[in-house]
There are 2 protein chains.
Amino acid sequence: MVVLDGGGDRPVPEFGEKTPLEAAYTPNLDALAGMGINGLLHPIATGIRTGSDTAHLSLFGYDPYEVYTGRGPFEAAGAGVMGKKGDVAFRCNFATVNEEGEITDRRAGRIRSGTDMLASALNGMEYNGIMMTVKEGTEHRAILLLHGDGLSAAVSDVDPHKARTHFLRCEPLDDSPEARRTAEAVNYFVEESWHILRNHEVNLMRERDGLPPANILLPRGGGVFPDIEEFGRKYGLRAAAITGVTLITGIVRLLGMNVIDVEGATGGIDSNFSAKLTAAVSALEKNHFVFVNLKAPDIAGHDGDAALKKEIFERIDAAFTVILGAMAERDDIILAVTSDHSTPVSVMDHSGDPVPLLIAGHGVRPDDVAEFGERAAMNGGLGHMNGRDLMPELLNLSGRAEKFGA
Amino acid sequence: MVVLDGGGDRPVPEFGEKTPLEAAYTPNLDALAGMGINGLLHPIATGIRTGSDTAHLSLFGYDPYEVYTGRGPFEAAGAGVMGKKGDVAFRCNFATVNEEGEITDRRAGRIRSGTDMLASALNGMEYNGIMMTVKEGTEHRAILLLHGDGLSAAVSDVDPHKARTHFLRCEPLDDSPEARRTAEAVNYFVEESWHILRNHEVNLMRERDGLPPANILLPRGGGVFPDIEEFGRKYGLRAAAITGVTLITGIVRLLGMNVIDVEGATGGIDSNFSAKLTAAVSALEKNHFVFVNLKAPDIAGHDGDAALKKEIFERIDAAFTVILGAMAERDDIILAVTSDHSTPVSVMDHSGDPVPLLIAGHGVRPDDVAEFGERAAMNGGLGHMNGRDLMPELLNLSGRAEKFGA
């Protein structure tokens, strides 16, 4: 399953009202569309404007309305902090506060180095039987994980999401003892982080260099680690994933997929698509299911850059040579190419428009579609599908579906 | 509603990548597709690999995840043993055991005659307020029905599904008193069956002839009779069914349809399709809804015999002359032709691929499809439908749908 992140789009005037994918020269994807069966996929359901996280959960066959508990746990897992069911994870910023506790820089000057030492200094605290894990992320980002009995994510953010104001107290958002207990632990943690970080060697050095010290950690967006059935167990598959995006890495880690690191896979527009798809083909030797996320189209969509998005599709298409080669050599590969959502360059954000889906491989009933694109997919033999129907269809075509009934 | 059992398929190389249905010469079905509206039907939902039983329930508008309680009750009803809600039915084998209770033949030499007398000898036992009904099936098969209060299907099989081992004790699979009570009754029954059958005249004769005696009855696959609303009551229709398959007969009996026996309707590849469809047209005189199952395509699919499957479609097509004739004479027939699942010859078992559906009759909006087949149906005006949408559509087209709202 190859996901062209944010791949769907809307008509672009400078492309004669074609979408970037339609305007791009994509002979390999077109050949796969011609071999296979095509359709339009609504990542969650018609018109639903999905996030990348919720959409991927849906593509993997989970109900995001049931298992998605907020971004915290998925970001935590992406950063390598795996909680257990009931643990509460927060995304955090290293920030700069003055002596009065007023925030002077929400991102501590987008601090780039030393956060590993700062996180270490905070890691392993305990309060009232609650264990606290802290792990640095990219730049000023970090994760706080609370582990213990009787926790709740119904607590307010400490990060006020703006500077020139005192950081906030974490407040319970309902009357439960769990929310009160969690809020107390968070407040204890924030005070301690200020106390410990203000005198930390990394910050003393930063102050000597005239840089804002990362002297407090501000949690936000708490979420409970969900009780998700592992993907491998759900489908009876050994599964691997290749992704350069922390959030998506978090999802596949939480689902128990084997995460494969690929040299040059950055999750950016400069990512080595060819290396990722080559690694995916190799991973089929030891796995039944291999997932690849290519983030670049989404980035171009958010930037509103139609020409870049078109060019990215052409580079991705060239990388598909390795997939076509593998499928010519062996007849047991069922390939799905789709997107997790549209990120139209005219919107510069996710939209709820459906995305093209192609499925190719031995046993597939081909339709008359000969091009991979939004409009061509309208005439495909798959018609319209919701994201959660994709895995059952792939299990069916690969001979891995269990029979219901006699 | 005519169901071509297991009719859907995948591309077959020797037919130039056409499916058996596409490769077959089917002028009558093509004419009906041309008159009518077409689409692809997912018997339960996209990619779901259905049994015949669960799929038929779905086609009749029931949720199989709700009403399907295992094969036992449907096989029982098919054999003419109708239980009430809460009764527990088992499929059984007449088997041969030695003096130590070790199974020497799981099918008692596939005994062909005398099982009616053996079943009679066991029928009508009572244990602890539980009434036991026993009825012979085809060859070595039989049904055991337990009727009484406080029963459960959460009990293990007595049949070990292999020979050279002692038959098993029926054990409760949960902690409920119902499961314990049911298991006790089953164990009592099995011991009694051994006791009664070992000395039965039929078996003494078999032993004299050097045949393995059918000296025990081994239950398996217990299921509770479901609480299914009768089809006729659900839709306000008088309904009849023509089917040669025990399992499907069981389903339509449980749904309260009037079962019509047709001379020459065997449920095999030699079945008289013409007689069945002629009987179906006649049955329209006294019924609002007539259902026909033609089992033969599924048999050819399971056998992996593409040429046979193609030939069967051609014979079925010829039989459709009587339907075309009836529809030319009267304008109140709404016809649906579809399948309960695909049984691709390349898979030799059911798959989750959708099946073609045609609906023809007065008032139907025809589309541009002029052929009855998997690929032609991709372009049909019905698009993709799930099995449970079929009955509402047929009620609508036949002017029998109730208005919801004002």
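A short reminder: the numbers here are calculations on the coordinates, not readings from a lab. What you see is a predicted model, and the numbers here were worked out from it, not measured in a lab. When we count neighbours, we look across all protein chains shown, and the Cβ atoms used for this are built from the backbone with ideal geometry, even at glycine.
Can you report the principal axis dimensions of the stretch A:1-143 using only the alpha carbons, biggest first, rounded to whole angstrom?
The Cα atoms of the stretch A:1-143 stretch 61, 36, 27 Å along their principal axes.
From the gyration tensor of the Cα coordinates in the protein assembly as shown, what semi-axes in whole Å does the equivalent ellipsoid have, largest first, with each one equal to sqrt(5λ)?
On the way: eigenvalues 662, 266, 109 Å².
Over the Cα atoms of the protein assembly as shown, the semi-axes work out to 58, 36, 23 Å.
Work out the FRET efficiency for A:E230 and A:E314 from their Cβ-Cβ distance, taking R0 = 41 Å, and round it to the nearest 0.05.
Step by step, r from the Cβ atoms, then E = 0.65.
I'd like the antiparallel share, as a percent to the nearest 5, of DSSP beta bridges with both residues in the protein assembly as shown.
Antiparallel: roughly 70 percent of the beta bridges in the protein assembly as shown.
Considering the dipole of the protein assembly as shown built from charges on the beta carbon (Lys and Arg +1, Asp and Glu -1) around the Cα centre, which of A:G244, B:T165, A:V186 is farthest to its positive end?
B:T165
Give me the tail of P(r) for the stretch A:25-91 as a percent: Cα-Cα pairs with distance above 15 Å.
Here the tail beyond 15 Å accounts for 64 percent of pairs.
Cα gyration tensor of the stretch B:236-298, axes a ≥ b ≥ c as square roots of the eigenvalues: rounded (a/c below 1.5), prolate (a/b > b/c) or oblate?
Taking the square roots of the gyration eigenvalues as a ≥ b ≥ c, the stretch B:236-298 is oblate.
Over chain A, what is the relative contact order in whole percent, taking alpha-carbon pairs under 8 Å and six or more residues apart?
Dividing the mean separation by the residue count of chain A yields 32 percent.
Loop-only trypsin sites (Lys or Arg not before Pro) in the stretch B:17-92, please: DSSP not H, G, I, E or B, and at most 13 other Cβ atoms within 10 Å.
B:K84, B:K85
Roughly how big is chain B's charge dipole about its Cα centre, with Cβ charges of +1 (Lys, Arg) and -1 (Asp, Glu), in debye to the nearest 20?
In total the dipole reaches around 400 debye.
Taking the simple approach of a point 7 Å from Cα along Cα-to-Cβ for both B:S282 and A:D116, what is their distance in nm?
Placing both labels 7 Å along Cα→Cβ, they lie 8.6 nm apart.
Which residue, A:P177, A:F94, A:H200, has the largest displacement toward the positive end of the dipole of the stretch A:83-224 when charges sit on each Cβ (Lys, Arg +1; Asp, Glu -1)?
A:F94
Per-residue HN-Hα couplings for the stretch B:172-178, Karplus 6.51 cos²θ - 1.76 cosθ + 1.60 at θ = phi - 60°, whole Hz, x for Gly and Pro?
Ordered by residue, 3J(HN,Hα) equals x, 9, 9, 8, 6, x, 5 Hz.
Take the rotation relating chain B to chain A, measure from its axis to every Cβ in chain B, and name the nearest residue with the distance in whole Å.
B:G383, 3
What number comes out for the charge environment of B:D63, summing +1 per Lys or Arg and -1 per Asp or Glu over other residues with Cβ under 15 Å away?
In short, -3.
Given labels modelled 7 Å from the Cα in the Cβ direction, how far is it in nm from A:D349 to B:E402?
4.5 nm
May I ask you to report, in nm to one decimal and beginning with the shortest, the distances from A:R375 to the same position in the other copies, taking label points 7 Å along Cα-to-Cβ?
Distances to the matching label points in the other copies: 2.4 nm.
For the stretch A:1-60, just the Cα atoms, rotate onto the principal axes and tell me the three extents in Å, largest first.
31, 30, 17
How large is the dipole of the stretch A:288-406 about the Cα centre if only Lys and Arg carry +1 and Asp and Glu carry -1, each at its Cβ, rounded to the nearest 20 debye?
With only Lys, Arg, Asp and Glu charged at Cβ, the dipole is about 280 debye.
How large is the charge dipole for the protein assembly as shown, taken about the Cα centre, if only the Cβ atoms of Lys, Arg (+1) and Asp, Glu (-1) carry charge, to the nearest 20 debye?
560 debye
How would the stretch B:74-224 be classified by its alpha-carbon gyration tensor: rounded, prolate or oblate, with rounded meaning a/c under 1.5 and the a/b versus b/c comparison settling the rest?
It is prolate, given that a/c is not under 1.5 and a/b is the larger ratio.
Give, to the nearest whole percent, the P(r) tail of the stretch A:249-376 beyond 17 angstrom, counting all Cα pairs.
So the pairs more than 17 Å apart make up 64 percent of the total in the stretch A:249-376.
Taking the label point as lying 7 angstrom from Cα along the Cα-to-Cβ axis, what are the distances from B:H362 to the corresponding position in the remaining copies, in ascending order and in nanometres?
Label point to label point, same position, other copies: 5.2 nm.
I'd like to know how the stretch B:173-310 sits against the 2.2 N^0.38 Å rule of thumb: what's its Cα Rg over that expected value?
1.48
Using Cα centres only, tell me the gap between the stretch A:307-380 and the stretch B:115-134 in whole Å.
62 Å
Can you give me the Cα centroid spacing of the stretch B:1-25 and the stretch B:169-229 in angstrom?
Using only Cα atoms, the two centres lie 42 Å from each other.
Where Rh denotes the Kirkwood radius from the mean inverse Cα pair distance, what is Rg over Rh for chain B?
Using Cα coordinates only, the ratio equals 1.02.
Please report the antiparallel percentage of the DSSP beta bridges confined to chain A, to the nearest 5.
70 percent
So if R0 is 60 Å, what FRET efficiency would A:T165 and B:E126 give, r being the distance between their Cβ atoms, rounded to the nearest 0.05?
Step by step, r from the Cβ atoms, then E = 0.15.
For label points placed 7 Å from Cα toward Cβ, what is the shortest-first list of nm distances from B:N258 to its copies?
List, nearest first: 6.2 nm.
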